[in-house]
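Shown next, in structure tokens, is the structure this report addresses.
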Protein chains: 2
Amino acid sequence: MTGRKERADAARNRAKVLAAAAVLFADKDPRTVTMEEIARAAGVGRGTLYRRYPDPASIASALLDEHERSLQRELLQGEPPLGPGAPPGDRLAAFYAAMTALMERHVHLVLGAETGRTRFDAGAYGFWRAHVIALLRAAGTPGPDALADALLAPLAPEVFTHQRERGLTTGQIAEGLTLLAHRVLPG
Amino acid sequence: MTGRKERADAARNRAKVLAAAAVLFADKDPRTVTMEEIARAAGVGRGTLYRRYPDPASIASALLDEHERSLQRELLQGEPPLGPGAPPGDRLAAFYAAMTALMERHVHLVLGAETGRTRFDAGAYGFWRAHVIALLRAAGTPGPDALADALLAPLAPEVFTHQRERGLTTGQIAEGLTLLAHRVLPG
DNA sequence: AATTAAGTGGACACGGTGTCCGTTTAAGAC
DNA sequence: GTCTTAAACGGACACCGTGTCCACTTAATT
């Protein structure tokens, strides 16, 4: 994945950076974490940081990557209702539940990974989108392209954060989305 | 609204600022418009700008205000299906259509008005939220609090922009939301 | 041990922020 | 019309983050 050979000092610094960044994203408002800050916390020069990552968002993405890939694998090859086999409505509900759970643990990173609209340009969004479109098609829903973005919108980290701050529990949020899934894709 | 008497020069500058800002928000990426830039374009000192507005978002909000209030009036007292009298599903669909139309004309400003999560703190969001909750209650939908935010999420300006850039027309977006409205609130 | 290419980190120029305060100017009193 | 005063103005200032550049260091190779 990362061009074959990595020098020992480079690997050491990459680890330091990721570890330091993980702490920062968790401790402060993830949107205010700066490159300078990460460099300082990691004990690394600014230039070194920029060599690998263009901005804080890409560092958060690197930290998030593993978790997202894991969920993507389950969607493609896992057990129903998350994986193939269950009716579309159930699969959508399961997807919502999984994403909610992922957010519960990693909102910091998702917030840090998204500077404004970055959300849609990231590879992950394309994956979720394709998945939802497939479910809509399987249910014969008209205009799946437009609907898919609408159905993914509630998963924006800002929405999740806002709901939690309003006093809603993760469970309540997931229940709301389950209802949504089953009304949109009855079955 | 603004403490009764405003001095002539103050009023003149306020007008200059709003006019200049309107142009800037329309011409460039609204999220990159800076206070310095607005001050320069308006031919006004930085201090003068800060006297009234704390940041570019508040200026965009000021420009947007009139349009939002107008829609709010229609929701409360206008003709059905936007105003009271129609079944909840139809009213939600009409609300979606109206918001989509408003975005079509003023995405620039909505994008400029929202720095990250500001969306939820703004007064307008509370209004939309209360409206949607009322519709959900009227239809006897369980857990309206959690669902309301989910149903409003597709109206985030970033989502709209993304959809337009993907090639969807405003009409297709509105159709998708209409379908969503009627599936969530059948009637 | 010598070579070399990758990696490092700090300095630099730039641009935006928000505040502070000496100066200007409109509005009301007489 | 002048005077007074408080509001409004605008530029300077100190600060912080950005992204680049390049002289230096260090790991890997022969």
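Laboratory data are not the source of any read-out in this text; all were calculated from the coordinates shown. This is a predicted model, so every value here is computed, not measured. Here the Cβ positions follow ideal geometry from the backbone for every residue, glycine too, while neighbour counts run over all protein chains shown.
Between A:D55 and A:A101, full extension at 0.36 nm per residue minus the direct alpha carbon distance yields a gain of 13.9 nm.
Could you list the trypsin sites (Lys or Arg not before Pro) in region A:87-169 that lie in coil according to DSSP, counting only those with at most 15 other Cβ atoms within 10 Å of their Cβ? Mind showing how you got there, number by number?
Details: sites: A:R91, A:R105, A:R117, A:R119, A:R129, A:R137, A:R164, A:R166; in loops: A:R117, A:R166.
Sites meeting the loop and neighbour criteria: A:R166.
Rounded to the nearest 10 degrees, the angle from helix A:123-138 to the longest Cα principal axis of chain A is 10 degrees. Placing a label point 7 Å from Cα along the Cα-to-Cβ axis, B:E165 is separated from the same position in the other copies by 2.5 nm, shortest listed first.
The charge dipole of chain B, taken about its Cα centre with unit charges on the Cβ atoms of Lys, Arg (+1), Asp and Glu (-1) only, comes to about 620 debye. Where a Cα-Cα gap under 29 Å defines reach, which lysines qualify for A:K28, not counting those fewer than 8 residues away within the same chain? Correct list for A:K28: A:K16. Nearest to the axis that brings chain A onto chain B is this chain A residue, judged by its Cβ, with the distance in whole Å: A:A153, 2. If R0 is 51 Å, the Cβ-Cβ spacing of A:R164 and B:D9 corresponds to a FRET efficiency of close to 0.65.
Let me spell out the model: positive unit charges on the Cβ of Lys and Arg, negative unit charges on the Cβ of Asp and Glu, origin at the Cα centre of the protein assembly as shown. What dipole size does that give, in debye rounded to 20? Don't jump to the answer; show the numbers that get you there.
Numbers: 46 positive and 42 negative charges, 194 e Å.
With Lys and Arg at +1 and Asp and Glu at -1, about 940 debye.
Here the Gaussian network model covers chain B, with springs between Cα atoms less than 10 Å apart; of B:A39, B:A20, B:A11, B:A11 fluctuates the most. For helix A:56-77, report the angle its Cα long axis makes with the longest principal axis of the Cα atoms of chain A; keep it between 0 and 90° and round to the nearest 10°. On a 0 to 90 degree scale, this one is about 40.
When the helices in chain A are scored as -39500 (n - 2.57) per DSSP H run of 4 or longer and the sum is shared across all residues, what 222 nm value do you end up with, to the nearest 500 deg cm²/dmol?
-23500 deg cm²/dmol
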